[in-house]
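The values are calculated or read from the model by the stated rules, or taken from the named source; none is laboratory data. Everything quoted here is computed from the prediction, not taken from an experiment. Here the Cβ positions follow ideal geometry from the backbone for every residue, glycine too, while neighbour counts run over all protein chains shown.
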Amino acid sequence: MTVIDVHTHMLTREYLYLLGENGGPQYTREVTRTGEDVICMHGAPFFTITTPMWDYDQRIKDMDAAGVDIAIVSLTCPNAYFGDAETSLKAAQMVNNSMAEQQTIRPDRIRWFASLPWQYELLALQELERTIKSGAVGIMVIANISGTNLTDPAYAKIWKEIDRRGLPVLVHPATPQGVKDMGLDRYGLVPAVGFTYDTTLAFSKLILDGFLDRYPNLKLIAAHGGGTLPYLAGRLDQCHANLPAASEVIHEKPSEYLRRIYYDAVLYSPSALALCIEVAGSADRVLYGSDYPHNIGDMAGCLSRVDALPSLTARRIRGANALRLFNL
């Protein structure tokens, strides 16, 4: 059975240079006390730079070793959300072009999510059109776009076009809004806690705002098993039933909307994966992912936890669901 990794990242060294030159003062590249080369937001480290992030030969070797057949690669945060319009577009295009090229070179191993300069509507729509023609199988978006919500009216035309096409969208976290106030600059708390919080907050807003009703054709994938959404599903329902503000827009329970989205299996315990499947309502809504090549990624481990599930469930999550979702 084909194994498809839907949450795995690549970039280019040119992208890192562009980010280093144009990302400040918000984004900076620094070396930690332990010698790690990291990207920070307001001084809070949120990803460690590793050579496999631009080395496709190494990626294929690691995929072979882990038993992964196809990687649907995406640009990690902060994606293209920095600099002026020209810089943002350049950041998106240089990585999109690299991924398109690798798909051409390795058509049996690589597919890709397109990144867009979401802050600049016309440029984003043009890049969406261009990348779909170039072979992108979905769209990548960060759970907050430079501190703004995905439900912001400024993005409505972009979402409308993605919805018209019925494209899969990987919603990936970044440093959450209020990162400085929450003191996430110590102890590695951005990847450990901040990312899951960012995903949880973004999808809670998408659900309660009626976004999923406005765009019924979207195929949203919540990164990292939906953050803490599976754990909070009952609490969201309880608030919807008892707090007027939580039912101001939607009438169905939030847990019903949680069955409309997809989740990756980037989870680090069998019990967390089991809860994710339960809240998703079906194993058909869960997809294998690894978060490779981030230093907390776990290509083999994530797959082993999927393989420990009942055989039919494992078969769906390993690749059958992705084959269907992405029309591969």
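Is it true that some residue in region 100-110 is under 25 Å from G289 (Cβ atoms) and within 16 Å of the chain's Cα centre (by Cα)? No.
Kindly indicate whether P168 is touching an Asp or Glu at 6+ places or on another chain (Cβ under 6 Å) and either within 15 Å of K205 (Cβ to Cβ) or not aliphatic (A, V, I, L, M) (or both).
no
With the requirement that a residue be surrounded by fewer than 20 Cβ atoms within 10 Å (Cβ to Cβ) and not in a loop (DSSP other than H, G, I, E, B), what does region 180-190 give you? Within region 180-190, just L189 meets the criteria.
Pull up region 1-58, narrow it to residues that are part of a loop (DSSP other than H, G, I, E, B) and aliphatic (A, V, I, L, M), then point me to the one that is surrounded by the fewest Cβ atoms within 10 Å (Cβ to Cβ).
Within region 1-58, the match that is surrounded by the fewest Cβ atoms within 10 Å (Cβ to Cβ) is M1.
Looking across A283, A272, one residue alone is within 13 Å of L229 (Cα to Cα), at pLDDT 95 or above and surrounded by fewer than 23 Cβ atoms within 10 Å (Cβ to Cβ). It is A272. The set of residues in region 148-157 that are closer than 20 Å to D198 by Cβ and surrounded by fewer than 20 Cβ atoms within 10 Å (Cβ to Cβ) comprises T148, N149, T151, D152, A154. From V169, V193, V141, which residue is surrounded by 16 or more Cβ atoms within 10 Å (Cβ to Cβ), modelled with pLDDT under 95 and over 17 Å from E256 (Cα atoms)? Step by step, each of V169, V193, V141 is checked, and only V193 is surrounded by 16 or more Cβ atoms within 10 Å (Cβ to Cβ), modelled with pLDDT under 95 and over 17 Å from E256 (Cα atoms). If you go through region 232-250 and pick out every residue that is touching a Ser or Thr at 6+ places or on another chain (Cβ under 6 Å) and either surrounded by 18 or more Cβ atoms within 10 Å (Cβ to Cβ) or at positive phi (or both), you end up with 2. So, Q119, is that one within 16 Å of N79 (Cβ to Cβ), at pLDDT 95 or above and over 17 Å from the mean Cα position of the chain (by Cα) or not? For Q119, the condition - within 16 Å of N79 (Cβ to Cβ), at pLDDT 95 or above and over 17 Å from the mean Cα position of the chain (by Cα) - is met. Of the residues screened, Q126 is not one that is touching a residue at least 12 places away in the same chain (Cβ under 8 Å) and either surrounded by fewer than 20 Cβ atoms within 10 Å (Cβ to Cβ) or not charged (D, E, K, R) (or both).
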